[in-house]
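The structure under discussion appears below in the form of structure tokens.
Each reported figure results from applying straightforward, stated rules to the coordinates on display, with no laboratory input. Keep in mind that this is a model prediction, so the values were computed, not measured. Here the Cβ positions follow ideal geometry from the backbone for every residue, glycine too, while neighbour counts run over all protein chains shown.
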Amino acid sequence: MVNFNSSLIKGKTFLVTGGAGFIGSNMVDYLLDNNAKLVRVLDNLSNGYKENIEHLLDNPRFDFMEGDIRDLGTCHNAVEGIEYVTHQAALGSVPRSIEDPILTNSVNISGFLNMLVAAKESKNLVKFVYAASSSTFGDSKELPKIEGNEGKPLSPYAVTKAVNEYYADVFSKVYGFNTIGLRYFNIFGPRQNADNAYAAVIPIFCKAYLTGSTPKINGDGETSRDFTYVENAIQANLRALFSDDMGQHEVFNVACGGRTTLNEIIEILKELSDSDVNPSYGPERQGDVKHSLASIDKITKTLDYGPSIHFKEGLTNVYNWYKEMSFIE
């Protein structure tokens with residue numbers, strides 16, 4: 001269960017950009033399940049999937065806009081009549097950004113700026129929260145990662161997410177338009193696509209063990225991450241959306257404050273699948289950070305955030321979800 005006072009949602013209007021994606025669609029479900037007056041999704045379906053929201057299309061409190069955040073007019077239309085915006089639309093993936101930095105820049109920077117401008121000019125808006133990224137910590141070796149102690153970006157994707165924070169901070173100082181950025185640490189959960197060319201490691205590993213194939217690891221498997229189950233990201237968004245006005249731009253880490261290696265994931269999945277298949281190992285992936293661990297002190301103290309589902313429970317949940325999905329035979 002999401003750790004949040006869901007009664008606050010009743011009767012409110014929300015825009016979820018990227019709402020057909022895996023994080024966004026889980027958030028949309030939660031908002032509608034808890035009596036939001038209206039939930040609008042803006043998504044161009046390049047990185048999200050209609051099947052994630054298909055079950056909502058007949059809901060009178062749900063509004064789907066197929067459109068692109070790179071078009072300012074579309075962004076203005078999307079925020080019309082909306083009180084709360086949670087901006088999830090982005091092109092993720094470090095490898096994709098290395099292959100096509102121009103596309104990543106156009107979506108993650110130009111699109112983000114369009115959304116900021118449209119939201120700033122809205123007459124109804126109460127709060128704007130956006131998905132930031134742990135990649136912003138870059139080459140900093142410090143563990144745990146603490147807001148304000150960033151290094152230099154290691155990929156075009158990381159550059160775009162850092163620029164988002166600069167823009168949001170400037171909008172706060174210049175226009176008095178205050179936003180909150182949530183630095184996600186490796187969010188995973190149901191609806192995260194295992195078949196995408198830029199799929200994340202957990203869906204790839206789950207699919208491998210469900211299909212009896214050999215999982216492939218980039219590096220020695222000792223790369224570690226603060227993997228964070230999607231319900232914790234939903235909680236962070238809601239707490240940020242309904243927080244008291246802080247009077248300035250703020251960023252918060254969203255994580256569990258724990259670290260899991262790729263080899264440890266493999267051992268859990270071997271246990272869940274009753275398999276003895278071991279992974280194959282290859283070279284490290286360009287642009288990847290070796291270790292990541294978040295300090296969640298700031299978000300805990302400021303927003304009363306606390307992860308409700310930790311890694312092993314979350315991995316078990318998502319493994320069982322993939323097991324039930326038809327795309328895995």
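What residue among 191, 61, 225 has the largest mean-square fluctuation in a Gaussian network model of the chain, using Cα springs under 10 Å?
61
Along the charge dipole of the chain, Cβ charges K/R +1 and D/E -1, which of 235, 2, 299 sits furthest on the positive end?
Farthest towards the positive end: 299.
Could you check the spin-label model distance between residue 57 and residue 100? Points 7 Å from the Cα along Cα→Cβ, value in nm.
About 2.5 nm, to one decimal.
Would you mind counting up the charge near residue 22? Only other residues with Cβ under 15 Å from its Cβ, with Lys and Arg at +1 and Asp and Glu at -1.
-3
Below 25 Å, Cα to Cα, which lysines can residue 50 reach? Residues fewer than 8 away in the same chain don't count.
12, 37, 207, 323
Return the label of the correct value of semi-axes √(5λ) of the Cα gyration tensor in Å, as calculated from the structure shown, out of (1) 30, 22, 19; (2) 40, 33, 23; (3) 56, 24, 19.
The value matching this structure is (1).
In segment 156-240, what chymotrypsin sites (Phe, Trp or Tyr not before Pro) fall in a loop by DSSP, with at most 14 other Cβ atoms inside 10 Å? Each step should come with its number before you reach the end.
Numbers: sites: 157, 166, 167, 171, 175, 177, 184, 185, 188, 198, 205, 209, 227, 229; in loops: 177, 185, 198, 227.
Passing sites in segment 156-240 are 198.
Using a 7 Å offset from the Cα along the Cα-to-Cβ direction at both residue 174 and residue 243, what is the distance between the two label points in nm, to one decimal?
The answer from the label model is 2.3 nm.
Could you tell me the distance between the Cα centroids of segment 291-317 and segment 168-220, to the nearest Å?
15 Å
For the chain, find the longest principal axis of its Cα atoms and tell me its angle to the long axis of helix 230-241, 0 to 90°, nearest 10.
20 degrees
Can you pull out the chymotrypsin sites (Phe, Trp or Tyr not before Pro) in segment 39-147 that DSSP calls coil and that have at most 16 other Cβ atoms within 10 Å? Let's see the in-between values first.
Details: sites: 49, 62, 64, 84, 112, 128, 130, 137; in loops: 49.
Filter output for segment 39-147: 49.
For a quick check of your reading of the filter: which GluC sites (Glu not before Pro) in segment 266-325 sit in a DSSP loop and have no more than 15 other Cβ atoms within 10 Å? The partial results should precede the final answer.
On the way: sites: 267, 271, 284, 313, 324; in loops: 284.
Here the GluC sites (Glu not before Pro) that fit, given the DSSP loop and packing criteria, are 284.
Let me know the charge dipole size of the chain about its Cα centre in debye, to the nearest 20, where only the beta-carbon of Lys, Arg (+1) and Asp, Glu (-1) is charged. Each step should come with its number before you reach the end.
On the way: 30 positive and 41 negative charges, 120 e Å.
Roughly 580 debye, rounded to the nearest 20.
Tell me, what is the FRET efficiency for residue 316 and residue 76 to the nearest 0.05, using R0 = 45 angstrom and their Cβ-Cβ distance as r? Let's see the in-between values first.
Details: r = 43 Å, r/R0 = 0.96.
Between residue 316 and residue 76 the formula returns 0.55.
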